[in-house]
Protein chains: 2
Amino acid sequence: MIIDCHGHYTTEPPEHHAFRKRQVEFAEGKSEAWPLYPEIDDSVLRATIEQNQLRLQRERGSDLTILSPRASGMGHHVGDADINADWSRISNDLIARIVDMYPANFAGVCQLPQSLSGDLKPALAELERCVDLGFVGCNLNPDPSGGFWSAPPIHDPYWYPLFEKMVELQVPAMIHVSSSCSACLHTTGAHYINADTAVFMQLIQGDLFGAFPDLKLIIPHGGGAAPYHWGRYRGLAMMLERPSLGEHLMRNVFFDTCVYHQAGIDTLFRVVGPDNILFGSELLGAVKALDPETGFSFDDTRRYIDALSLDGAGRHAVFEGNARKVYPRLDARLKAQGR
Amino acid sequence: MIIDCHGHYTTEPPEHHAFRKRQVEFAEGKSEAWPLYPEIDDSVLRATIEQNQLRLQRERGSDLTILSPRASGMGHHVGDADINADWSRISNDLIARIVDMYPANFAGVCQLPQSLSGDLKPALAELERCVDLGFVGCNLNPDPSGGFWSAPPIHDPYWYPLFEKMVELQVPAMIHVSSSCSACLHTTGAHYINADTAVFMQLIQGDLFGAFPDLKLIIPHGGGAAPYHWGRYRGLAMMLERPSLGEHLMRNVFFDTCVYHQAGIDTLFRVVGPDNILFGSELLGAVKALDPETGFSFDDTRRYIDALSLDGAGRHAVFEGNARKVYPRLDARLKAQGR
């Protein structure tokens with residue numbers, strides 16, 4: 001099986017975007033009516049999926065995508081806790097409908113209703129609700145302020161109630177910021193990668209997995225800058241008198257393969273090794289373009305992995321085994337499907 | 001010749017740190033007396049240099065280090081424009097004294113008196129003063145707020161007066177932030193690398209070198225995350241309808257070799273190529289530790305380059321030629337020394 005751990009529903013129908021526009025206007029005090037979500041017919045959703053994610057699964061040869069709402073659309077900085085609760089519920093319900101329509105092709109990961117209020121209780125409630133709906137994980141935004149890092153570092157006890165709930169429910173989190181609120185930080189070209197890097201360093205500084213040995217985190221986009229600067233991080237861990245990266249972090253931290261060229265993927269595998277890497281492509285589409293150097297899409301990341309000389313065990317780990325291990329509810333779901 | 005383009009004077013005598021402490025207290029309103037800088041004897045400075053930077057030049061086999069004040073010490077977020085002007089002048093004068101003591105071993109790069117006021121005029125004046133003292137370049141902080149990105153992106157006309165002055169004086173800038181003011185952003189493990197990445201993306205978004213075709217910028221720490229995510233950046237450039245990275249940026253942007261392991265250096269050279277890479281080690285010392293995997297210091301970056309199969313031209317470019325090209329005043333200085 002080939003499991004893509006990093007897919008976003010970025011082909012939402014126009015009605016969905018129109019609703020969000022009204023919701024943001026309400027949040028900004030530009031309209032007085034609490035907006036209501038429109039009816040969207042199954043046939044509309046089917047069309048958006050079949051022409052896009054399902055087509056690409058077929059063309060690129062993957063079997064199942066772990067699907068979550070558009071990351072840049074989470075917008076935790078917009079509005080208060082109520083707005084965020086409404087928006088997360090709506091966004092996650094859309095994922096649940098798609099997963100129910102195509103149970104063999106998708107598994108759900110939910111957006112959490114974090115907000116600038118800092119209250120995590122709505123996130124815990126929504127996570128429970130989504131797990132009841134069959135979701136297998138969540139996306140955790142380490143910086144709900146969109147580039148200003150208003151929340152505490154990820155190892156801070158502030159986050160513990162969420163991690164307790166995740167461990168209780170046996171769901172991992174992908175660390176994933178939303179859109180940038182800074183003109184200096186391009187969303188997909190700087191803010192995403194920088195957040196990955198910042199959180200990896202926070203994990204070195206803290207001892208999160210001492211407190212939560214069963215917690216699993218996926219740092220996407222190939223771990224930000226971490227593998228490229230692995231020597232820096234190994235050295236900083238020594239200077240900070242922390243254990244080695246392997247001992248301290250790499251039983252609990254996993255990177256995906258959303259690195260859009262062969263040299264980058266080669267580095268990731270050389271430095272980190274297949275036990276900590278999950279196949280992912282970020283479809284669709286942080287980078288929607290054909291690479292003129294290869295003639296294929298930048299985000300067709302399976303090609304880069306196929307070009308590695310992985311043995312059977314390594315290949316199985318990256319494409320399937322690690323995902324089943326990191327997402328136990330996905331494994332249970334697949335087993336119930338006889339896969 | 002082997003020129004290290006990235007050295008900081010991080011072995012300052014205790015009197016210097018004690019002064020800065022008094023200056024910060026004054027800036028924070030905790031003391032009323034404008035602090036005066038102490039006399040520091042040449043012999044004191046000599047000792048700090050000979051036991052450290054000069055010893056390491058000898059041990060590691062480099063000939064000249066481009067030396068600037070401690071980057072994390074610049075602290076542009078501290079105090080007003082007057083404090084920053086005083087602190088930059090003092091810090092740069094120390095570099096000038098060291099360069100004058102060891103003209104064959106060092107060339108100076110200055111700190112600029114940027115501040116949260118945003119006024120660039122003091123930076124222009126200090127740059128002129130330092131060039132008169134023989135400095136060959138400057139360190140430009142793209143984020144004087146220490147992690148909150150209060151200044152405009154690097155391609156914004158806000159910065160143009162500084163770039164005009166740099167081109168006029170024929171000095172390049174190394175893009176280098178100072179210490180982080182955010183608990184989420186470790187200074188050397190996140191803020192430095194993230195700033196490099198953010199500025200590279202800003203350069204893709206803008207057209208700075210269309211306005212300043214002769215401007216040269218060095219992005220340190222191996223270009224942040226950029227080489228590892230080169231496919232992402234090539235793709236984003238296409239999506240933003242910008243020219244290719246080579247055409248748009250790589251006549252003006254250079255990366256150093258402050259990447260502290262072989263796999264990272266291999267990636268840098270594979271992706272970027274020797275014409276855009278300057279040897280650098282960041283001595284001393286973002287990462288002061290022995291790598292247990294190699295038995296050598298993480299920041300002994302010459303070893304990683306020596307292990308590459310560079311031809312003579314590539315090796316010369318990285319160790320000497322590119323530095324002479326990017327820092328024309330260094331080249332003139334070396335020629336005047338008969339080198």
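The values are calculated or read from the model by the stated rules, or taken from the named source; none is laboratory data. Just so it is clear, the model here is predicted, and its values are computed rather than measured. Here the Cβ is made from the backbone with ideal geometry for all residues, glycine too, and neighbour counts use every protein chain on show. Ligands, DNA and RNA are excluded from the accessible area calculation, which covers all protein heavy atoms including side chains. Shrake-Rupley method; radii C 1.70, N 1.55, O 1.52, S 1.80 Å.
Simple rule: put +1 on each Lys or Arg Cβ and -1 on each Asp or Glu Cβ in the range B:31-156, find the dipole, and look at B:T48, B:S91, B:W149; the Cα lying farthest toward the positive end is B:T48. Looking at the range A:1-84, the accessible area is 46 square angstrom per residue; that uses a 1.4 Å probe and ignores ligands, DNA and RNA. Placing +1 on the Cβ of every Lys and Arg and -1 on the Cβ of every Asp and Glu, with no other charges, gives the protein assembly as shown a dipole of roughly 1160 debye about its Cα centre.
Site pair B:D214 and B:S117 shows an inter-label distance of 3.0 nm when each label is modelled 7 Å from Cα along Cα→Cβ. Measuring from a point 7 Å out along Cα→Cβ, what nm distances, shortest first, does A:E59 have to its partners in the other copies? Those separations, rounded to one decimal, come out as 5.5 nm.
Here the accessible area of the range A:185-301 is 49 percent carbon and sulfur, with a 1.4 angstrom probe and all protein chains present.
Mean partner shielding of peptide A:257-264, defined as the number of other chain Cβ atoms within 10 Å of each residue Cβ, is 6. Among the cysteines of chain B, B:C5, B:C138, B:C181, B:C184, B:C258 have no other cysteine beta carbon within less than 4.7 Å of their own. Association of chains A and B removes close to 4700 square angstrom of accessible area from solvent, both sides included, for a probe radius of 1.4 Å.
Just to be sure I understand: if I project the alpha-carbon convex hull of the range A:265-339 onto a plane and average over all orientations, what area do I get in nm²?
Taking a quarter of the hull surface, the average projection is 6.1 nm².
As a length-normalised measure over Cα pairs under 8 Å and 6 or more apart, the relative contact order of chain B settles at 17 percent. Cut-off 10 angstrom, C-alpha nodes, Gaussian network model of chain B. Which of B:E12, B:E59, B:E126 fluctuates the most? Per the Cα network of chain B with a 10 Å cutoff, B:E59 tops the list. Rounded to whole Å, the principal axis extents of the Cα atoms in chain B read 55, 43, 42, largest first. Only one residue of A:F200, A:G273, A:A313 has its Cα farthest out toward the positive end of the dipole of the protein assembly as shown, where Lys and Arg carry +1 and Asp and Glu -1 on Cβ, and that residue is A:A313.
Rounded to the nearest 20, the Cβ-based charge dipole of chain B about its Cα centre (Lys and Arg +1, Asp and Glu -1) stands at 600 debye.
Seen from B:P69, the other residues with C-beta closer than 14 Å to its C-beta sum to a net charge of -1, counting Lys and Arg as +1 and Asp and Glu as -1. With 40 Å² as the minimum drop in accessible area between chain alone and full protein complex (1.4 Å probe), the qualifying residues in the range B:284-313 are B:V287, B:F298. Evaluate E = 1/(1 + (r/R0)^6) for A:T294 and B:L290, where r is the Cβ-Cβ distance and R0 equals 45 Å; express this FRET efficiency to the nearest 0.05. Rounded to the nearest 0.05, the efficiency is 0.65.
Partner shielding of A:204-210 amounts to 1, given as the average count of beta-carbon atoms from other chains within 10 Å of each residue beta-carbon.
The local environment of A:Y327, defined by Cβ-Cβ distances under 15 Å, has a net charge of +1 under the rule Lys, Arg +1 and Asp, Glu -1.
Across peptide B:237-244, the mean count of Cβ atoms from other chains lying within 10 Å of each residue's own Cβ comes to 3. Under a model in which nothing but the beta-carbon of Lys, Arg (+1) and Asp, Glu (-1) is charged, the range B:185-247 shows a dipole of about 160 debye around its Cα centre.
GNM on chain B, alpha-carbon springs under 10 angstrom: the most fluctuating residue among B:S281, B:S115, B:S244 is B:S244. Taking every full run of DSSP H in chain B, the ones that stretch at least 15 Å from end to end by Cα along their long axis and average 0.5 or higher on the Kyte-Doolittle scale are B:192-205. Volume of the convex hull of the range A:38-99 (Cα atoms only), normalised per residue: 94 Å³. Kirkwood analysis of the protein assembly as shown, using all unique Cα-Cα pairs, places the hydrodynamic radius at 26.0 Å. At an R0 of 25 angstrom, the distance between the Cβ atoms of A:M250 and A:H316 translates into a FRET efficiency of 0.85. Using a probe radius of 1.4 angstrom, the carbon and sulfur fraction of the accessible surface of the range A:28-107 is 47%. Note on chain B: lysine pairs with Cα distance below 28 Å, sequence gap of 8 or more or different chains, count 13. With an a/c value under 1.5 for the gyration tensor axes a ≥ b ≥ c computed over the alpha-carbon atoms, the range A:141-277 is described as rounded.
Shown here: the range B:82-130, whose C-alpha atoms stretch 37, 16, 13 Å along the first, second and third principal axes, sorted largest to smallest. Accessible surface area normalised per residue over the range B:216-339 is 35 Å², counting heavy atoms of protein chains with a 1.4 Å rolling probe.
Residues of the range B:171-199 buried by at least 10 Å² of accessible area upon assembly of all protein chains, compared with the chain on its own (1.4 Å probe): B:S182, B:A183, B:C184, B:L185, B:H186, B:T188, B:G189, B:A190, B:I193, B:N194, B:T197, B:A198.
Dipole orientation for chain A: of the candidates A:F163, A:G61, A:N105, A:G61 has the Cα lying most toward the positive pole (charges on Cβ; Lys, Arg +1; Asp, Glu -1). Shape class of the range B:210-279 from the Cα gyration tensor (axes a ≥ b ≥ c, square roots of the eigenvalues): oblate, since a/c reaches 1.5 or more and a/b does not exceed b/c. In terms of its alpha-carbon gyration tensor, the range B:48-182 comes out prolate; a/c meets the 1.5 threshold, and the first ratio a/b outweighs b/c. Within the range B:205-327, the proportion of C-alpha pairs whose separation exceeds 21 Å stands at 42%. Do any residues of the range B:138-154 show a loss of at least 20 square angstrom of accessible area between the isolated chain and the full protein assembly, using a 1.4 Å probe, and if so which? The answer is B:F148, B:W149, B:P153 - residues whose exposure falls by at least 20 Å² when every protein chain is included. Here A:A33 yields copy-to-copy label distances, from shortest upward, of 7.0 nm, the label point defined as 7 Å from Cα along Cα to C-beta. With label points set 7 Å from Cα along Cα→Cβ, the inter-copy distances at B:E168 are 6.6 nm, sorted shortest first.
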